[in-house]
Structure formats: structure tokens, C-alpha cells
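The values are calculated or read from the model by the stated rules, or taken from the named source; none is laboratory data. Since the model is a prediction, treat every value here as computed from it, not as a measurement. Backbone-built Cβ (ideal geometry, glycine too); neighbour counts: all protein chains shown. Remember, those area values only see protein heavy atoms, side chains included, never the ligands or the DNA or RNA. Shrake-Rupley method; radii C 1.70, N 1.55, O 1.52, S 1.80 Å.
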Amino acid sequence: MAEGERHILMDEAAIRRALTRIAHEIVEKNKGIEDCIIVGIRTRGVHLAKRIAEKISDIEGIDAPVYDLDITKYRDDRSDDFELETAQQPGDTELNIDVKNKKIILFDDVLYTGRTIRAAMDAIMDCGRPQSIQLAVLVDRGHRELPIRPDYIGKNVPTSKQEVIQVQLSEVDLVDQVTISH
């Protein structure tokens, strides 16, 4: 691949198939959807979580609760100035639900170093102690810095650190596709 060139890894149909498979895997692993809460990490993880919830509703005939999670204040890769600035910003930065004895299905678009997921788990644990936290991602690109492994994966894409994976969703970007570029 030439530098700057983008290659489509997943088109709209591939994303839809991956999400359908993940929805079935979630239902199977949890023997239904009882006591499950689906949490999407802002921004694209939220839209993927909503899509998964719709697919699970089609499968089970039951609506799973979906929440969005802003992990900004839990990040460990931001400067002190950034943390001070975001701490002063109004807005919903915390998950405000009772997670006690619930199975949390955490959804993000791309799993890379694992730091975003660690921050999300910290935010969830601040709400109580769930029965379990399961991780679903559309793309797992490798290069973990923390011992975090997804339970549900749309597509494994081995990458170099110089490559960039971009997930675009119609709710935000007006197109559904996953691309890789160098």
C-alpha cells in the first residue's frame, strides 16, 4: 500500500454481518439478555452499541438497555492541563446507572493499546461492581499495552503501528466503512 493510500477493510454489508454475528454471540454467551446492559464508548462505540441492541431485540424480542459513556476524565494519556480543562466542562462524563450484579457489554469501534477500555472499566467500576464486563469491538488491530482481550470481535486486522484504522459510521460520517491507511 502506497503512503497515504486508503484501503477499505469493511463495507456497509461487512459491518452489518459482523454486528449480527456479535449480537448472536452475546445472546448465546449470556443465555439471553437478562441482566445485561450495553454500554457504548463515545463516539462511535455508542452507535455500534445501539445497533447491537436493535439486533438483539430482533433476536430475543426484548430491548436491552443501552447507555453511552464518555471516558475523557478517566484517560491516562492526557496532560494535567487537559484534565483540569475537562473537569471544568459541564456535561455528562459519568455513567449514571446501577451496575450491581449486571453483565456489562462494553462496545468500542477499535481496540488498539487497551487504554481506552481500561478507562471505561474504571468509569464502570465507579458505578458499582458488575457481575461481569464483556468487551465487544468492531475491529481488533493488536498492539496491546495492557492485558485486555475482547470477548466479541467483528474483524481482526493485524497492523503495523504506522497504519491507521478508521471506522466511519453513517450516524456520524454519513457512510459505513472501515479503512486502513499508512
Computed accessible area, residue 170, all protein chains, 1.4 angstrom probe, square angstrom
50 Å²
Under the Karplus relation 6.51 cos²θ - 1.76 cosθ + 1.60, θ = phi - 60°, what is the ordered set of whole-Hz ³J(HN,Hα) values for the range 5-14, x standing for Gly and Pro?
6, 10, 10, 7, 8, 9, 9, 4, 5, 5
Inter-label distance for residue 12 and residue 160, nm, one decimal - labels placed 7 Å from Cα along Cα-to-Cβ:
3.3 nm
Match the structure shown to one of the listed values [x] 1.03; [y] 1.23; [z] 1.14 of Cα Rg over 2.2 N^0.38 Å, computed from it, and give that label.
[x]
So for the chain: antiparallel DSSP bridges make up what percent, rounded to the nearest 5?
30 percent
Pseudo-spin-label distance residue 181 to residue 73, built 7 Å along Cα→Cβ, given in nm, is 3.4 nm
Could you work out which residue, out of 154, 45, 32, moves most in a Gaussian network model of the chain, that is, has the largest mean-square fluctuation with Cα springs under 10 Å?
32
Let me know the longest stretch in the chain that avoids all trypsin sites (Lys or Arg not before Pro) found in a DSSP loop with at most 12 other C-beta atoms within 10 Å.
32-99
Exposed loop GluC sites (Glu not before Pro) only (DSSP loop, at most 11 other Cβ atoms within 10 Å): please give the longest stretch of the chain free of them, not including the sites.
35-144
